[in-house]
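The values are calculated or read from the model by the stated rules, or taken from the named source; none is laboratory data. Note that the coordinates shown come from a computational prediction; the quantities given were computed from them, not determined experimentally. All Cβ positions, glycine included, derive from the backbone under ideal geometry; neighbour counts span all protein chains shown. Remember, those area values only see protein heavy atoms, side chains included, never the ligands or the DNA or RNA. Shrake-Rupley method; radii C 1.70, N 1.55, O 1.52, S 1.80 Å.
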Amino acid sequence: MADERRISLRLPTDLHARLVEQARADRRSLNSEIVHLLEVALGPVDGDDEPP
């Protein structure tokens, strides 16, 4: 990612735990897992035919 933004995000404890477990299962960092899930949920960027 050439251009990145940093944000603060408050999550419920149970959702955080689920994300941590999913990241561990997918062998990703928590940040990478959240980015991956958001990209999948939002779909491709206009003009971008490659999957995330």
Selection from the range 10-27 of residues of a type in the set (D, E, K, R) and within 12 Å of the chain's Cα centre (by Cα) yields 26
Search the range 24-47 for residues that are farther than 19 Å from residue 10 by Cβ and pair each with any residue that is open to solvent by 80 Å² or more (accessible area, probe 1.4 Å) when their beta-carbon atoms are under 8 Å apart and the residues are at least 6 apart or on different chains.
36/28; 36/52; 39/52; 40/52; 44/50; 44/51; 44/52
Limited to the range 10-52, what total is found for residues that are modelled with pLDDT of 95 or more and either in a loop (DSSP other than H, G, I, E, B) or touching a strand residue (DSSP E or B) at 6+ places or on another chain (Cβ under 6 Å) (or both)?
7
Here the residues within the range 10-21 that are without any contact (Cβ under 8 Å) to a residue 12 or more places away in the chain and not β-branched (Val, Ile, Thr) are 10, 11, 12, 14, 15, 16, 17, 18, 21
